[in-house]
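Single-structure report; data block below.
The values are calculated or read from the model by the stated rules, or taken from the named source; none is laboratory data. Just so it is clear, the model here is predicted, and its values are computed rather than measured. Glycine also receives a Cβ, built like all others from the backbone with ideal geometry; neighbour counts cover every protein chain displayed.
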Amino acid sequence: MFDLTITLQENKDLPLYEQLYRAIVRQIQAGELKAGEKLPSKRFLCQHLTISHSTVETAYGLLMAEGYIESLPRACYRVCEIIPMKRVADHSVAESEEEKEVKQKRPGRQQQLPEEKAPGLSFSTGAVDTKIFPYASWAKIYKEVIYQNPQLLQRGDAQGDWAFRQTLSLFLQEYRGVRCHARQIVVGAGMEYLLDLLLQLFPHGSRVALEDPGYSTAYRVVQSGGKIPVSIPLDEQGMDVGRLQRVGADLAYVTPSHQFPMGITMPAGRRSQLLEWADTQGAWIIEDDYDSEFRYRSRPISAMQGMDHAGRVVYIGTFSRSIAPSIRAAYMVLPEPLLEAFQKRFGRQASTISRFEQHALERFIRQGLYLRHLRRSTNVYKKRMLTLKEKLMQIAPNGYVSGEEAGLHLLFHIPGVRETDVVLAAARRGLSVHGLSEYCHSQSVSKQEAVLVLGFAGLQETEMDQAVNILQQSITCG
């Protein structure tokens, strides 16, 4: 039954809609709100809680976007099927006294808010717009760090400098819903590097479930690390848990916030099924928070790790997409058993990220500049996505676009055209473009239509016009 005693506070750091959203999520995850149960109408909640219609509208919108509730006729809402998360012993690391002191001294809520491009035109999914890089603020911070901290020339902590991990943990808690402390964080030079370290903590021959179609680099890292990759097909909600339960995997690697390349956002119901699988099987989930920063119809979806109360999720993220690929700063949050194993095996190694860069990032985040940069980048990329979508509809009226609600790429479906023909024809004209089949490992794609995976972040307006023109010629003329 819906708890009508929800208390919202005007003077809290969190806006009212976020407080209401989190309160309802807690009730659903705890099983207090059952699947199929109707929620109060928006008008009733406005009157009962003495809040505005827009507050309730926004909270319900977030719940729908994350798959917690669904809309019914006559403006009604009901709870979706979610597996209640069991509250077991907390497997996260106890908060240190230093972290408590940082939180107490922390100022008010932060302000609301390049990898060199290859020659030729490309719908690259790895490029970003280097023109929106915050050159001035980054240069100022980096200069301050270098001249004010000569001790950073000394060897640093294997997991990354403490100050950087403290600020990062607070940011992840507040803006990604991650349940973590600074001691759990390991920083390293890129997601692939951290994934390789993580897999070394598991026995040779461990079976790793991977999304199909999915991120090819993850397959390569799994194989090179002596583990067995197991392809799991996707449905409209992400990795097929039914198939996962039958393959005997020890780990599952997923991208729930924005699946690559399909662009699926995994709803809460599917996330809870994955978490139950890991808990009951004693397995682990690697959550790659790929492209989580860029959403164009709602605010970023909270990380799945925040739903995990059994300590079975390893959370991995990176700054390569949100700032620049050349900033090879990635991080992972390890549950207690894996943290102990990591410290025993790698605790004496040096961090692979420059200490100067770590401290520059720490200030960049703490001073609110990172959030400001994310706001600006999201606005730029949203306009670019809409422009590309409009142009694509003009060159192929029978085509359609999917996966464009988030991230820095979209899928362009062209019925009646062979994918390989388009890709090869574009290459002959100097345009690099990838088809969906390149990311399929055991699954096959439809031969009745071409599906192109088009990155748009690195294309300026004139380049986009040229690229789309070449694409049109490749579709119509071959």
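In the range 447-467, which residue that is part of a helix (DSSP H, G or I) and within 28 Å of the chain's Cα centre (by Cα) is farthest from G430 (Cα to Cα)?
Among those residues, the one meeting the criterion is E461.
If a residue must be more than 19 Å from the chain's Cα centre (by Cα) and under 11 Å from V247 (Cβ atoms), how many such residues does the range 207-228 contain?
Of the residues in the range 207-228, 3 are more than 19 Å from the chain's Cα centre (by Cα) and under 11 Å from V247 (Cβ atoms).
Would you point out the residue of the range 442-475, among those that are touching a Pro at 6+ places or on another chain (Cβ under 7 Å) and surrounded by 15 or more Cβ atoms within 10 Å (Cβ to Cβ), that is modelled with the highest pLDDT?
V453
Would you point out which residue out of L339, L410 is under 18 Å from the mean Cα position of the chain (by Cα) and not charged (D, E, K, R)? Full working, then the answer.
Numbers: L339 fails: under 18 Å from the mean Cα position of the chain (by Cα).
Being under 18 Å from the mean Cα position of the chain (by Cα) and not charged (D, E, K, R) holds for just one of L339, L410, which is L410.
Search the range 124-149 for residues that are under 17 Å from E461 (Cα atoms) and pair each with any residue that is at pLDDT 90 or above and not in a helix (DSSP H, G or I) when their beta-carbon atoms are under 6 Å apart and the residues are at least 6 apart or on different chains.
S124/G455; S124/G458; T125/H409; T125/G455; A127/A457; A127/G458; V128/A457; D129/A457
Please verify whether Y381 is under 30 Å from E449 (Cβ atoms), part of a helix (DSSP H, G or I), out of contact with any His (no Cβ under 6 Å at 6 or more places or on another chain) and of a type in the set (S, T, Y), treating the condition exactly as stated.
Spelling it out, Y381 is indeed under 30 Å from E449 (Cβ atoms), part of a helix (DSSP H, G or I), out of contact with any His (no Cβ under 6 Å at 6 or more places or on another chain) and of a type in the set (S, T, Y).
For the condition buried (at least 21 other Cβ atoms within 10 Å of the Cβ), assigned by TED's automatic domain parsing to the domain that holds R165 and either under 16 Å from the mean Cα position of the chain (by Cα) or of a type in the set (F, W, Y) (or both), what is the one hit in A249, A303?
Working: A249 fails: either under 16 Å from the mean Cα position of the chain (by Cα) or of a type in the set (F, W, Y) (or both).
From the options A249, A303, the qualifying one is A303.
Name the residue that is nearest to the chain's Cα centre (by Cα), counting only residues in the range 252-281 that are of a type in the set (F, W, Y) and crowded, with 22+ Cβ neighbours inside 10 Å.
Going through the qualifying residues, I end up with F260.
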